[in-house]
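Input: a single structure, listed below in structure tokens.
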């Protein structure tokens with residue numbers, strides 16, 4: 001059913017423990033803040049990969065259920081995003097709103113990637129929960 005494609009993932013997220021919902025909410029906030037920086041290439045690239053991530057993750061959930069494989073979406077989107085963003089740290093003003101957001105975004109998505117690479121590896125090794 002098409003509504004499951006769009007609403008299946010959010011329903012699963014609402015069933016998770018509060019700490020995980022808070023972490024997901026934080027990630028949504030930090031990545032969505034790219035809308036404030038669309039005058040910069042980093043904002044545009046982040047928004048594009050954020051939207052792609054939402055589409056991929058919703059599709060993976062629809063096709064395969066809510067499990068560790070969902071981390072593949074972050075692996076495919078956040079890895080190139082961080083490769084693109086990290087070199088921009090040198091040229092950004094550390095105290096500007098953009099510089100602060102850039103550092104928070106890299107830290108947030110970097111932490112996420114550690115968990116996501118582990119989840120995808122565990123899924124590949126047979127842990128399907």
I'd like the distance separating the alpha-carbon centroids of segment 31-50 and segment 82-129, in whole Å. 14
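How big, in percent, is the set of alpha carbon pairs in segment 55-129 lying more than 16 Å apart?
Tail fraction, whole percent: 55.
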Compute the angle between helix 2-14 and the longest alpha-carbon principal axis of the chain, please, reported from 0 to 90 degrees and rounded to the nearest 10. 80
How high is the relative contact order of the chain, in percent, with contacts defined as C-alpha pairs under 8 Å that are six or more residues apart? 28
Put a dot 7 Å past each Cα toward the Cβ at residue 39 and residue 118; how far apart are the dots in nm? 4.0
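For the chain, what does the helix formula give at 222 nm: sum of -39500 (n - 2.57) over DSSP H segments with n ≥ 4, over the residue count, nearest 500 deg cm²/dmol?
-25000 deg cm²/dmol
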Using the 10 angstrom Cβ neighbour count as an exposure proxy, how do 41, 116 rank, fewest first? 41, 116
Which ordering of 23, 78, 101, 50 is given by a fewest-first count of other beta-carbon atoms within 10 Å? 23, 101, 50, 78
Counting other C-beta atoms within 10 Å, which of 94, 12, 74 has the fewest, and how do the rest follow? 94, 12, 74
On each of the three principal axes of the Cα atoms of segment 31-93, give max minus min coordinate, whole Å, ordered largest first. 42, 19, 12
For a quick size check, give me the Cα extents of the chain along its three principal axes, largest first, whole Å. 44, 31, 25
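All of the numbers you see were taken from the coordinates with simple rules; none came from a lab. Quantities reported herein were computed from a predicted structural model and do not represent experimental measurements. Positions of Cβ are generated from backbone atoms using ideal geometry, with glycine treated the same way; all protein chains shown enter the neighbour counts.
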